[in-house]
Amino acid sequence: MYRLVTELFPICRSITGKGVRETLALVQERVPIDIREVPSGTRVFDWIVPKEWNIREAWVKDPAGKKIIDLQKSNLHVLNYSAPIHATLSLGELKHHLYSSPEHPDWIPYRTSYYNNNWGFCLPHNQLLGLSEGDYEVFIDSSLEDGHLTYGEHYLRGETEVEVLISAHICHPSLANDNLSGIAVAAFLADHLSKLPLKYSYRFLFIPGTIGSITWLSLNESEVCRIKYGLVFTCLGDSGKVTYKKSRRGDADIDRAVTEVLKNSGEAFEIREFSPYGYDERQFCSPGFNLPVGCLMRTPHSQYPEYHTSADNLDFVRPEYLADSFTKCLAIIEILESDRVYWNLNPKCEPQLGKRGIYSQVGGQTDGKSDELALLWVLNLSDGKHSLLDIAERSNLKFSAIANAAQVLFDKGLLRQDRST
Ligand code: ZN
């Protein structure tokens, strides 16, 4: 995953253009994603797919003719979606088009101007303070033309058509945590799941933020009823604790499954209520869709100083945190895949477990007492109304202990699976 982040890092991405295609091509080397191209001008709900932006060169030369800002040194130097320009300006005029961050004076901030025609450069605040009076030559060789919005989609068919949606944004240039970490975890998860038998079908989206999810929802409105669980992946490679932002519903099964995994991780974590600010969960959870989609991250956007600056780089993201995020995603999927509703076939008083040799079969999981408790809880609540996740929550036992007890009871003929699950 870290290698993929490293390969993706130098690409100058935006919400459309060549950088998106190069990004998807690198993901395609790991996962056979389908590439979709939606023409500029396509109406998608209240939005219109914008003109495609591509950039080749961008620089500023100081009064002595020396290049002092250069896109070649960092993709963040250019205001993303800048219109083309070639002009000579006074320092005062140029300053209207320079963006810096006084709070972090040595870092280049990341700024965009997608939907208003503008141009500009981003630079460290200390560099801005050091600029002397005189004439500056600015050059941005970019194009804003009719083209396409490009996104990637990968569908893994499971036993049923009921779907799990995983979405990651692909529109930020050289930012490692906010963007690339989500792409890497999603790509490797897709590859890993392709080797497993699956109950649910999985749909992975690699889409530009906001306009990508709006476009996808607009094109797939009739299909979204299949989505039973969903996660937006972002900021999954930093050292912070795992944070989960619940879906708008707040009590969707995905919210409960993630909570179950984090609660039993033995590590610090945070669960946040839904808010209509953040990543593409905003669109998936808009009231007309209200899909069960939460957002999985480590440190949330804007809560680490490196966020949207040149310091969100390859040192800020570490392989071990990507791996930890990946492991937690698998644990969440394990719950989704194995959650079931059972019927106790011996509901009148407790069945005699000892004579069936059941205690010895569940023994050794953790400790004998909780194994026995798990059996009793599963037997008691398997009335066709409670899922294994319900039972884990109510008993305060680990989902894995409950699922294991249910399997043993099922094998011994004491449970039958509810057909609808
Ligand atoms: Zn961002």
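Quickly rank 285-291, 395-401, 255-261, 218-224 as a protection proxy: mean count of other C-beta atoms within 10 Å, highest first.
Sorting 285-291, 395-401, 255-261, 218-224 by mean packing, highest first, produces 255-261, 395-401, 285-291, 218-224.
Once phi is turned into ³J(HN,Hα) by the Karplus curve 6.51 cos²θ - 1.76 cosθ + 1.60 with θ = phi - 60°, what whole-Hz value does each residue of region 98-105 show in order, with x for glycine and proline?
Calculated HN-Hα couplings, in order: 10, 10, 8, 10, x, 5, 10, x Hz.
Along the charge dipole of region 52-145, which of 89, 109, 120 sits closest to the positive end, that is, farthest toward it, with unit charges on the beta carbon of Lys, Arg, Asp and Glu (+1, +1, -1, -1)?
Positive-end residue among those listed: 109.
Taking amide H positions as placed in the peptide plane 1.01 Å from N, state which residues far from residue 58 in sequence (5 or more) or on other chains have amide H under 5 Å from it.
Result for residue 58 returns 71, 72, 141.
How far apart, in nanometres, would the label points at residue 334 and residue 290 be if each is projected 7 angstrom from Cα along the Cα-to-Cβ direction?
3.4
Take the alpha-carbon centre of region 374-421, take the same for region 190-207, and report the distance between them in whole Å.
That distance is 26 Å.
What do you get for Rg/Rh over the chain if you use C-alpha atoms and the Kirkwood form of Rh?
My calculation of the ratio gives 1.08.
Give the cross-link partners of residue 51 among the lysines, using a straight C-alpha distance below 29 Å as the criterion and excluding same-chain residues fewer than 8 apart.
18, 61, 73, 95
Taking amide H positions as placed 1.01 Å from N in the peptide plane, with prolines and chain starts having none, which residues 5 or more places from residue 265, or on another chain, fall under 5 Å of its amide H?
When sequence neighbours closer than 5 places are left aside, there are no close amide H contacts.
Could you size up the charge dipole of the chain around its Cα centre, putting +1 on the beta carbon of Lys and Arg and -1 on that of Asp and Glu, and report it in debye to the nearest 20?
Using only the charged Cβ atoms, the result is roughly 1120 debye.
How large, in percent, is the carbon and sulfur part of the accessible surface of the chain at a probe radius of 1.4 Å?
49
As an exercise, use a Förster radius of 56 Å and the Cβ-Cβ distance of residue 70 and residue 417 to find the FRET efficiency, rounded to the nearest 0.05.
Once the sixth-power term is evaluated, E becomes 0.35.
Take the Cβ-Cβ distance between residue 21 and residue 356 as r, set R0 to 51 Å, and report the resulting FRET efficiency rounded to the nearest 0.05.
Approximately 0.25, to the nearest 0.05.
Just to check I understand the Karplus step: with θ = phi - 60° and J = 6.51 cos²θ - 1.76 cosθ + 1.60, what whole-Hz values come out for region 33-44, glycine and proline as x?
Ordered by residue, 3J(HN,Hα) equals 6, 8, 9, 10, 10, 10, x, 3, x, 5, 7, 10 Hz.
With an 8 Å Cα cut-off and a minimum separation of 6 or more residues, compute the relative contact order for the chain in percent.
16
Which one, 279, 234, 357, projects farthest toward the positive side of the charge dipole computed for the chain from Cβ point charges (K/R +1, D/E -1)?
Towards the positive end, the residue furthest out is 357.
What Rg and what Dmax come out for region 52-145 when only alpha-carbon atoms are used, in angstroms?
Expressed in Å, the Cα Rg and Dmax of region 52-145 come to 12.4, 36.
Residues of region 52-145: accessible area per residue at 1.4 Å, in Å²?
49
In Å², and per residue, what accessible area does region 341-417 have when probed at 1.4 Å with the other protein chains present?
Per-residue accessible area for region 341-417 comes out at 53 Å².
Over region 341-417, what lengths in whole Å, largest first, do the semi-axes of the equivalent ellipsoid take, defined as the square roots of 5 times the eigenvalues of the alpha-carbon gyration tensor?
With the √(5λ) rule applied to region 341-417, the semi-axes are 16, 16, 10 Å.
Tally the DSSP beta bridges in the chain and give the antiparallel ones as a percent, rounded to 5.
Percent antiparallel among DSSP bridges in the chain is about 65.
Taking the Cα atoms only, what angle lies between the long axis of helix 18-28 and the longest principal axis of the chain, rounded to 10 degrees?
30
Taking Cα pairs under 8 Å and at least six residues apart, what relative contact order does region 52-145 come out at, in percent?
After rounding, I find 44 percent.
Mind ranking 205-211, 246-252, 264-270, 139-145 by how tightly packed they are, going by the mean number of other C-beta atoms within 10 angstrom, highest first?
Going from most to least packed, we get 205-211, 246-252, 139-145, 264-270.
Could you give the distance between the Cα centres of region 271-310 and region 319-359, to the whole Å?
Rounded to whole Å, the Cα centres lie 29 Å apart.
Let me check against my output: what whole-number percent is the relative contact order of region 124-252, with C-alpha pairs under 8 Å and at least 6 apart?
Relative contact order for region 124-252 comes out at 35 percent.
What residues of region 249-275 lie in the reach of a label at residue 46, counting those whose backbone N is under 20 Å from a point 7 Å from the Cα along Cα→Cβ?
Residues 249, 275 qualify, since their backbone N sits under 20 Å from the label point.
Can you give the local net charge around residue 169? Use residues other than it whose beta-carbon is closer than 9 angstrom to its beta-carbon, Lys and Arg +1, Asp and Glu -1.
With Lys, Arg at +1 and Asp, Glu at -1, the net is -2.
Is there a quick way to get the dipole size of region 52-145? I mean about its Cα centre, with the Cβ of Lys and Arg at +1 and of Asp and Glu at -1; what is the value in debye to the nearest 20?
120
Peptides 162-173, 29-40: what's the order by average Cβ count within 10 Å, highest mean first?
Highest mean packing first, the order is 162-173, 29-40.
The values are calculated or read from the model by the stated rules, or taken from the named source; none is laboratory data. Computed from a prediction, not measured in an experiment: that's the story for all the values here. Every residue, glycine among them, receives a Cβ derived from its backbone with ideal geometry; neighbour counts consider all protein chains shown. Only protein heavy atoms, including side chains, enter the accessible area calculation; ligands, DNA and RNA are left aside. Shrake-Rupley method; radii C 1.70, N 1.55, O 1.52, S 1.80 Å.
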